[in-house]
Amino acid sequence: MFTVNRRTLCAIAFAAAGLALPAAAQAQAQLNVNTALTRDDPLFKGLERMRDRVAERSKGQLTVRIFPGSQLGKDEDVLEQARAGANVAVVVDGGRLAVFVKEFGVLSAPYLADGFQGVRKVVTSPLFETWVAKLRTTSGHQVLSFNWWQGDRHLITNKPIKVPADLAGVRMRTPGAPVWMETIRAMGATPTPMGWGEVYPAMQQKVIDAVEAQHPATVGSKLYEVAKNVTKTSHFNLITGIVTSAAWFDKLTPELQTILREESLAAGDFASKLTEDSLAGFEETMKKNGMTIAEVDKKPFIDATQGVYEKLGYTDLRAEVLKLLK
């Protein structure tokens, strides 16, 4: 279970106070959405669409405010704020939710599904809705939607990588959830968890040797300034969702609940399409800034990571998911 530290308590008060706006200026309800992404990321544009559509459909009864760069805290801290009933939400991956409901972790497992359309089948299925209901009961979180595709994640290094053996001794940043850690370990590197905002200076100061990330995040954080190689392993198909407080959500009228969930889903599709359309442009930007982008045989990496499912107890769940993908 996450602990509530001083920063988290301050953030809860910050969000609950409506960011210190005068009472007359506040809407009937307000949701503060936290994301580690930058304003240039396709998903941020999706969040802006969600904000505008929710305000329009609710006639101002519900407003959405967006905080890029993790201004409200780390994902884990914001999840804890939501558990405490604060009017906050966070763009988060399944791996971080697995601490509450194990099933979510399979969404972050290696080589699960191909592309956005593949993984979207999973996160809009009746099977997924059983996980959503379980999350409400177990941790007090409400999933608004989980179709926010950020792209495949690849290896960002300073030395060329062709096969898993090339990763021996490489300290690689990855989120701290077990499924991410075990996957990177299985690929041959040493997983090193840290916040996304710490990655650039850590690479610059050689605290870590590598990172794994999707193209929009790589370009958004200008990692081409501190790393020279992108190896397109596609080891994770990064699907994320918007998760808020069930207690806060339940205080909304049924109409506002419907608007929020419908517009969250629509915005997720919008943002994911933007991501698909932007990948080639991101690669051009990286190349122009001196990065080498290498296509490699993925089979050795696929073979190296298959044991992750058994190790974390996801073998049966994976079989259920694969049925959905047929």
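Within the shell of other residues whose beta carbon sits under 13 angstrom from the beta carbon of SER58, the net charge comes to 0, with Lys and Arg scored +1 and Asp and Glu -1.
What number comes out for accessible area per residue over the chain if the probe is 1.4 Å? Units Å², please.
That works out to 42 Å² per residue.
Legend: distances between Cα atoms for LYS228/LYS299; LYS251/LYS323; LYS102/LYS298; LYS232/LYS311; LYS251/LYS311; pairs beyond 32 Å are LYS251/LYS323; LYS251/LYS311.
Which of the trypsin sites (Lys or Arg not before Pro) found in the range 149-180 are in a DSSP loop and have at most 14 neighbouring Cβ atoms, other than their own, within 10 Å?
LYS162
Label zone of ILE302 (point 7 Å out along Cα→Cβ, amide N under 19 Å): in the range 75-116 this covers 107-116. Over the residues of the chain, the helix contribution to mean residue ellipticity at 222 nm works out to -13500 deg cm²/dmol, using -39500 (n - 2.57) for each DSSP H run of at least 4. Set Lys and Arg Cβ to +1 and Asp and Glu Cβ to -1, take the dipole of the chain about its Cα centre, and tell me which of TYR314, HIS141, LEU112 lies farthest positive. Value: HIS141. For the pair GLN28 and GLN61, the difference between a 0.36 nm per residue extended length and the Cα-Cα distance amounts to 11.4 nm. A full extension of the chain between ASN289 and THR253 corresponds to an added length of 8.0 nm, given 0.36 nm per residue minus the alpha carbon distance. To the nearest ten degrees, helix 6-16 and the longest principal axis of the Cα atoms of the chain are 50 degrees apart. With all protein chains in place and a 1.4 Å probe, the accessible surface of the range 232-326 carries 54 percent carbon and sulfur.
The values are calculated or read from the model by the stated rules, or taken from the named source; none is laboratory data. What you see is a predicted model; the values in this text were computed from it and never measured. When we count neighbours, we look across all protein chains shown, and the Cβ atoms used for this are built from the backbone with ideal geometry, even at glycine. The accessibility values were calculated without ligands, DNA or RNA, using every heavy atom of the protein model including side chains. Shrake-Rupley method; radii C 1.70, N 1.55, O 1.52, S 1.80 Å.
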